[in-house]
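Colleague: To start, I am sharing the structure in question, which I have written as structure tokens.
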Amino acid sequence: MQKEDVARLFTTPVDSPAYAPARYRFTNREYLNIYYRTDPEMVRRLVPEPLTVTDPIVRFEIMRMPDTTGLGDYTEAGQLIAVEHEGEKGEFNLAMYVDSVPAISSGREYSAYPKKSGSPTLYVDSDTLVGTLDYGTLRVATATMGYKHYAMDQAEARAQVCSPNFMVKTIPDYDGNLRVCDLVRTRITDVTVKSAYTAPARLELFAHAMAPLADLPVLEVVGASHILTDLTLSPVEPVFDYLTA
């Protein structure tokens, strides 16, 4: 392999890339979102400056992705915290638990998604939409929602999917210090909402040292949605450099 060929690599191994060099297009991407109020002191401890917390609202999400260019079929779960940045409302992506190694690798390397391994599921149980998350052999989250009770306004559903997303991107240097430490922003803009519903919902979180979702306790469920979409992810852009601040 020539030097110029090495410089064109997008990831390793050199003979079998960990993920495809694609712009990821999702067909029939399905969301279960549970919005809940939590302890304001806990969210302020976790949300990094220069983001600000104005309302201690967390979104627990399960995303079922059966048809993704380059990545195939997988499921994710995570927690996002409502924030503002320079007057713009959005969400800070705290953690994502994913059942696909290529999706974890591409999300962390190619972008800035805080992904780690987990086993989420999303399915219909009689008249109930159920989302679960296991970490290892232990259940850490169970979400339930009535199945398609009330149609949502399409604009409201699109606004939920297209909320700006903030994340911390870190890349260590060879000496153990950080080479990159940025706050980044992304926002989905290419989306088609196929269906959207709301219904009564509940969320139960279980304490776990390595999947600490329950550190943001559920004090009150304030909303829920079940949304089916086709969409394309947008690239991230840095908005704050912690190494030069």
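The values are calculated or read from the model by the stated rules, or taken from the named source; none is laboratory data. What you see is a predicted model, and the numbers here were worked out from it, not measured in a lab. Every residue, glycine as well, gets a Cβ built from its backbone with ideal geometry; the counts of neighbours run over all protein chains shown. Surface areas here come from the heavy atoms of the whole protein model, side chains and all, with no ligands, DNA or RNA. Shrake-Rupley method; radii C 1.70, N 1.55, O 1.52, S 1.80 Å.
Colleague: Which members of the range 87-123 meet the condition of being part of a helix (DSSP H, G or I) and of a type in the set (Gly, Ala, Ser)?
Modeller: 103, 105, 106, 107
Colleague: Among the numbered conditions (1) part of a helix (DSSP H, G or I); (2) open to solvent by 10 Å² or more (accessible area, probe 1.4 Å); (3) under 29 Å from residue 207 (Cβ atoms), tell me where residue 163 comes up short.
Modeller: (1)
Colleague: Applying the selection to the range 217-245, what residues are farther than 19 Å from residue 145 by Cβ and either assigned to a strand (DSSP E or B) or in contact with a Pro (Cβ under 9 Å, 6 or more places away or on another chain) (or both)?
Modeller: Of everything in the range 217-245, those that are farther than 19 Å from residue 145 by Cβ and either assigned to a strand (DSSP E or B) or in contact with a Pro (Cβ under 9 Å, 6 or more places away or on another chain) (or both) turn out to be 230, 231, 232, 237, 238, 239, 240, 241, 242, 245.
Colleague: Identify, by number, the condition in (1) closer than 17 Å to residue 33 by Cβ; (2) surrounded by fewer than 17 Cβ atoms within 10 Å (Cβ to Cβ); (3) β-branched (Val, Ile, Thr) that residue 130 doesn't meet.
Modeller: If we test residue 130 against (1) closer than 17 Å to residue 33 by Cβ; (2) surrounded by fewer than 17 Cβ atoms within 10 Å (Cβ to Cβ); (3) β-branched (Val, Ile, Thr), just (2) comes out false.
Colleague: Something else now. Restrict the check to the range 171-184 and report whether at least one residue is open to solvent by less than 70 Å² (accessible area, probe 1.4 Å), out of contact with any strand residue (DSSP E or B) (no Cβ under 7 Å at 6 or more places or on another chain), part of a loop (DSSP other than H, G, I, E, B) and farther than 21 Å from residue 77 by Cβ.
Modeller: Yes.
Colleague: I'm told residue 84 meets every condition in (1) among the acidic types (Asp, Glu); (2) closer than 30 Å to residue 148 by Cβ; (3) in a strand (DSSP E or B) except one. Can you identify the failing condition by its number?
Modeller: Tallying (1) among the acidic types (Asp, Glu); (2) closer than 30 Å to residue 148 by Cβ; (3) in a strand (DSSP E or B), residue 84 fails exactly one: (2).
Colleague: Answer yes or no as to whether residue 118 is crowded, with 20+ Cβ neighbours inside 10 Å and without any contact (Cβ under 8 Å) to a residue 12 or more places away in the chain.
Modeller: So residue 118 fails the test.
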